[in-house]
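Novice: I am attaching a structure below and will ask some questions about it afterwards.
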Amino acid sequence: MGPSFDDGTSLYNFVVRDGNGVKGMVDSGLTTVPAAYMQPPRERIDKESARKHEQPPIDLSRLDGPEHDEVAVEIVRAAETLGFFQVINHGVPVDLLESLKDTANKFFGLPPEQKAVYRSEVSPTPLVKYGTSFVPEKEAALEWKDYISLQYVNDAEALQHWPIEIRDVALEYLRTSIKMVRKLLEVLMVNLGMKLVDPKIDALIDKKMVNMNFYPTCPNPDLTVGVGRHSDMGTITVLLQDGIGGLYVKIEEDMRFGKKGEWVEIPPIPGALVINVGDMLQVLSNKRYKSAEHRVRTTNTTSRVSIPIFTIPKLTEKIAPLPHLVEKDGIAHYREFMFADYMKNFFGNAHEGKKSLDFAKNADSS
């Protein structure tokens, strides 16, 4: 007799503690969404009312030629408005992107016991964590997602500790993406008045993490979310979507393609990568750049994968709005803090929109 998914404790033990994940639950023949995964109506994603964000992708190959300044303006404009944009000709081979999606699907297709050895309580290394939802012990409703997270220190440690089934392709994805991230960050920081040689640019992307997210088919996607509303805690995120889609971004200010508070879907574009601004860039820019609130929908037709790279500052890095921007604006919207403290707060709470940024807000900032 299998576990009862109507009983919260039994479900939690099966999905979270024993490492079976949402996939294990679905594979057991689940036909309805358990109560533990039912989102309150305000958190559910209305697919029909969300329009698609039809902004064409930015061609990054043009950054290295006579059109550099024009492309830089496109990147800055995207960071200042939606906080999300797509890029092509980014330097990451398209066949590698296809291999990544295949590898992720194969990994999550492994028997539960092969993945569960990397649960945080038992993982042989702090660099690898397999889990489900976000912070399941603190969430009122769980997220319909399993994941594996790979922290990067150096190539040698990645080769030694990352799971052999995904190690090589994940490492190559990181190696080829990080050059692009550095270029994007240079454009954004130079626009804020920082010099290219400033050591802070490298300090802002000192740590890297590759995640593979798996969203199993869901009996009723309208009741669930794959990932709840949140912004990313770091500097810049790179995201590979598969062809199914389901990523939604909240518009912060009225703009040409939507009104404040509306949600737009970022449609998958073959060969493209999605870039989004993280909380640290919103803080450093004193709110000029938008760390956009986003979330992920589930689907009842097929499982899907997404593979983000998170770039984050050194843990000891002190983060605050750039002084010359504060002087120009007449107010610092955020206080100075150490990134390690921000990260601890971020992972200590369930997803709740951009509430993580409240940790850094100045009391007199609106």
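Novice: Looking only at segment 120-134, how many residues end up being aliphatic (A, V, I, L, M) and open to solvent by 10 Å² or more (accessible area, probe 1.4 Å)?
Specialist: Of segment 120-134, the ones aliphatic (A, V, I, L, M) are 122, 127-128.
Applying the additional criterion that residues be open to solvent by 10 Å² or more (accessible area, probe 1.4 Å) yields 122, 127.
Of the residues in segment 120-134, 2 are aliphatic (A, V, I, L, M) and open to solvent by 10 Å² or more (accessible area, probe 1.4 Å).
Conditions tested, residue by residue: (1) more than 20 Å from Arg304 (Cβ to Cβ); (2) of a type in the set (A, V, I, L, M); (3) exposed (fewer than 15 other Cβ atoms within 10 Å of the Cβ).
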residue: Leu11; (1), (2), (3): yes, yes, no
residue: His68; (1), (2), (3): yes, no, yes
residue: Gln86; (1), (2), (3): no, no, no
residue: His90; (1), (2), (3): yes, no, no
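Novice: Let me ask you something else. Considering every residue within segment 79-90, establish whether at least one is of a type in the set (Asp, Glu) and in contact (Cβ under 8 Å) with a residue 24 or more places away in the chain. Explain how you work it out, then say what you get.
Specialist: Here is the first cut: in segment 79-90, the residues of a type in the set (Asp, Glu) are 80.
With the extra rule that they be in contact (Cβ under 8 Å) with a residue 24 or more places away in the chain, the set shrinks to 80.
Yes, segment 79-90 contains a residue that is of a type in the set (Asp, Glu) and in contact (Cβ under 8 Å) with a residue 24 or more places away in the chain.
Novice: Take Val22 and tell me if it is under 30 Å from Asn286 (Cβ atoms), assigned to a helix (DSSP H, G or I) and either among the aliphatic types (A, V, I, L, M) or in contact with a helix residue (DSSP H, G or I) (Cβ under 7 Å, 6 or more places away or on another chain) (or both). Before you say what the answer is, go through the steps one by one.
Specialist: On the way: under 30 Å from Asn286 (Cβ atoms): no; assigned to a helix (DSSP H, G or I): yes; either among the aliphatic types (A, V, I, L, M) or in contact with a helix residue (DSSP H, G or I) (Cβ under 7 Å, 6 or more places away or on another chain) (or both): yes.
Considered against the rule, which asks whether it is under 30 Å from Asn286 (Cβ atoms), assigned to a helix (DSSP H, G or I) and either among the aliphatic types (A, V, I, L, M) or in contact with a helix residue (DSSP H, G or I) (Cβ under 7 Å, 6 or more places away or on another chain) (or both), Val22 comes out as no.
Novice: Is segment 100-119 home to any residue that is charged (D, E, K, R), within 19 Å of the chain's Cα centre (by Cα), closer than 21 Å to Tyr215 by Cβ and surrounded by 12 or more Cβ atoms within 10 Å (Cβ to Cβ)?
Specialist: Taking segment 100-119 as the starting set, the residues that turn out to be charged (D, E, K, R) are 101-102, 106, 113, 115, 119.
When the remaining residues are screened for being within 19 Å of the chain's Cα centre (by Cα), the result is 101.
Those still in the list that are closer than 21 Å to Tyr215 by Cβ too: 101.
Then drop every residue that is not surrounded by 12 or more Cβ atoms within 10 Å (Cβ to Cβ), which leaves 101.
Checking segment 100-119: at least one residue is charged (D, E, K, R), within 19 Å of the chain's Cα centre (by Cα), closer than 21 Å to Tyr215 by Cβ and surrounded by 12 or more Cβ atoms within 10 Å (Cβ to Cβ).
Novice: Assess whether Met255 counts as being over 22 Å from Asp27 (Cβ atoms) and modelled with pLDDT of 95 or more.
Specialist: Numbers: over 22 Å from Asp27 (Cβ atoms): yes; modelled with pLDDT of 95 or more: no.
Answer is no for this residue.
The values are calculated or read from the model by the stated rules, or taken from the named source; none is laboratory data. Please read all numbers here as calculations on a predicted model, not as lab measurements. FYI the Cβ positions are ideal-geometry reconstructions off the backbone, even for glycines, and counts take in every protein chain you see. All accessible areas refer to the heavy atoms of the entire protein, side chains included, with ligands and DNA or RNA removed. Shrake-Rupley method; radii C 1.70, N 1.55, O 1.52, S 1.80 Å.
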